[in-house]
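These notes are about the structure you will find just below.
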Amino acid sequence: MMLRVPGPTPLPPEVQQAEIRPMIDHRSPEFSQLQKRIVGRLKHFFQTENEVYLLTSSGTGAMEAAVVNVLSPGQRVLCVSIGNFGERFGEIARIYGVEVIWLRFANGEVASTDAIKDALTADPSITAVLVTHNETSSGTTNPLAKIAEVVRRFDKLLIVDGISSVGSIEIKTDEWGCDVVVSGSQKGWMTPPGMAFVSLSPRAWAAYEQSKMPRYYFDLGQARRFAERGQTPWTPAVSIAFALDKGLELLEQEGRENVFARHARIAATARAGVRELGLKIVPQDDANASSTVTAVWLPEGVTEAQLRGGMREQNIIVAGGQAELSGKIFRIGHLGYISDAEIATVLAAVRTTLSNVAAAPSTARS
Ligand SMILES: *Cc1c(COP(=O)(O)O)cnc(C)c1O
């Protein structure tokens, strides 16, 4: 089976081998060395001098960690949402008693920096901005550098969901001034699900000191104390750390800029290929289209089940739509371990699927 959903992503054989290494003590010098090596490489991809903390959780755990460590109940926060994962970020904050001011954009659209400027001008009591870098549900990438510039100008804390971008799409955490950035192991990192990463700027640590949010498992103060000795406060997913170490080594060998270029190139091939089939991409402007996932409107008369089922018959797993896009789109994940040849195979299978559906009796089409 060829797994082409936007996480979990396929594993290189070396990563699979690394994951089944014999277990080690997470309080041993071997683990400390492993953690320090992993964090060093993550910092390279996050483009930050700040420490990156390892959490044993899915990406959503890191989003929750971001919320509970730097925000407080009753605080007003702007949530810039361009899709389902933006909704999730604001919802986590709301559940924790944060007063969320929503700034929503239609599926396939990116956030308007003017609208963010207006929202921050209209309500000076807003203290932080939540934003998704790459909205995986619609295959749309926000202009984060420009958004960050506006947020910096207003001197607000910038909290970024970079789960499906960091490691695959450029993000300059320090240069752009992103205060909190999170990612997850099963996206571009060529690693199984199970670990998430979070970086905090000195400004974010100052907010941590002020924060009145209850927290325990995700208390990053604990993570900071243990990171000094190359450990995590609680038992980490050691096998995922083995795998991650190898995945990062492979990414580093390829070279950060080459990794970004490969993702951009493969995404362009994916878009050209689906357009050749007469299909439409969800983001209308290619400048906003994601390098890690391509979201495509289902053509008239083709259901999500037919498309995904037809692909599955050819041993390729693609994703459907989420929330209001459910049943309307399909999504091809192309992040992490993916080659140019593989995306060509996926496109050929989409073509075959569409022609099979068109040839089938119309009764089977509803
Ligand atoms: C995958 C993803 C998440 C959720 O991550 P989980 O690991 O499933 O918890 C959140 N945000 C974005 C942008 C994602 O792509």
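As an exercise: evaluate Ala341 against (1) exposed (fewer than 12 other Cβ atoms within 10 Å of the Cβ); (2) at pLDDT below 95 and give the number of the one condition it does not meet.
The one condition Ala341 does not meet is (2).
For region 174-195, which residues satisfy the criterion of being under 15 Å from Asn69 (Cα atoms) and under 11 Å from the mean Cα position of the chain (by Cα)?
Val181, Val182
Condition (residue is more than 23 Å from Ile317 (Cβ to Cβ), touching a strand residue (DSSP E or B) at 6+ places or on another chain (Cβ under 6 Å) and among the hydrophobic types (A, V, I, L, M, F, W, C)) applied to region 3-14: is it met by at least one residue? Working first, answer last.
Keep residues of region 3-14 that are more than 23 Å from Ile317 (Cβ to Cβ), which gives none.
Checked region 3-14: no residue is more than 23 Å from Ile317 (Cβ to Cβ), touching a strand residue (DSSP E or B) at 6+ places or on another chain (Cβ under 6 Å) and among the hydrophobic types (A, V, I, L, M, F, W, C).
So, in region 113-149, exactly how many residues are touching a strand residue (DSSP E or B) at 6+ places or on another chain (Cβ under 9 Å) and buried (at least 16 other Cβ atoms within 10 Å of the Cβ)?
23
Taking region 169-187 as the search range and keeping residues that are surrounded by 24 or more Cβ atoms within 10 Å (Cβ to Cβ) and under 19 Å from Leu250 (Cβ atoms), which one is nearest to the ligand (Cβ to nearest atom)? Steps first, please.
Step one: filter region 169-187 for residues surrounded by 24 or more Cβ atoms within 10 Å (Cβ to Cβ), giving 171, 173, 178-187.
Those left that are additionally under 19 Å from Leu250 (Cβ atoms): 183-187.
Details: Ser183: 9, Gly184: 4, Ser185: 8, Gln186: 6, Lys187: 6 Å.
Per the criteria, the residue is Gly184.
Please count how many residues of region 188-214 are within 16 Å of the ligand (Cβ to nearest atom), among the polar types (S, T, N, Q) and over 14 Å from Glu49 (Cα atoms).
The total comes to 1.
State all residues of region 114-146 that are more than 14 Å from the ligand (Cβ to nearest atom) and under 16 Å from Ile169 (Cα atoms); if no residue qualifies, say none.
Pro143, Ala145, Lys146
Identify the residue in region 78-107 that is in contact with an Asp or Glu (Cβ under 7 Å, 6 or more places away or on another chain) and of a type in the set (Val, Ile, Thr) and, among all such residues, is surrounded by the most Cβ atoms within 10 Å (Cβ to Cβ).
Looking at residues that are in contact with an Asp or Glu (Cβ under 7 Å, 6 or more places away or on another chain) and of a type in the set (Val, Ile, Thr), I get Ile82.
Considering every residue within region 224-246, establish whether at least one is out of contact with any helix residue (DSSP H, G or I) (no Cβ under 7 Å at 6 or more places or on another chain), surrounded by 14 or more Cβ atoms within 10 Å (Cβ to Cβ) and acidic (Asp, Glu).
no
Let's see how each residue does on (1) part of a loop (DSSP other than H, G, I, E, B); (2) surrounded by 14 or more Cβ atoms within 10 Å (Cβ to Cβ); (3) in contact (Cβ under 8 Å) with a residue 24 or more places away in the chain:
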position: Val296; (1), (2), (3): no, yes, yes
position: Gly301; (1), (2), (3): yes, no, yes
position: Ala305; (1), (2), (3): no, no, no
position: Met311; (1), (2), (3): no, yes, yes
position: Val318; (1), (2), (3): no, yes, yes
position: Ile332; (1), (2), (3): no, yes, yes
position: Val357; (1), (2), (3): no, yes, yes
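Within region 153-168, which residues are under 11 Å from Thr132 (Cα atoms) and either out of contact with any helix residue (DSSP H, G or I) (no Cβ under 9 Å at 6 or more places or on another chain) or within 11 Å of the ligand (Cβ to nearest atom) (or both)?
In the first step, residues of region 153-168 are kept if they are under 11 Å from Thr132 (Cα atoms); the result is 158-165.
Listed by number, the residues that qualify are Val160, Asp161, Gly162, Ile163, Ser164, Ser165.
The values are calculated or read from the model by the stated rules, or taken from the named source; none is laboratory data. Everything quoted here is computed from the prediction, not taken from an experiment. Note that we place each Cβ from the backbone using ideal geometry, even for glycine, and neighbour counts take in every protein chain shown.
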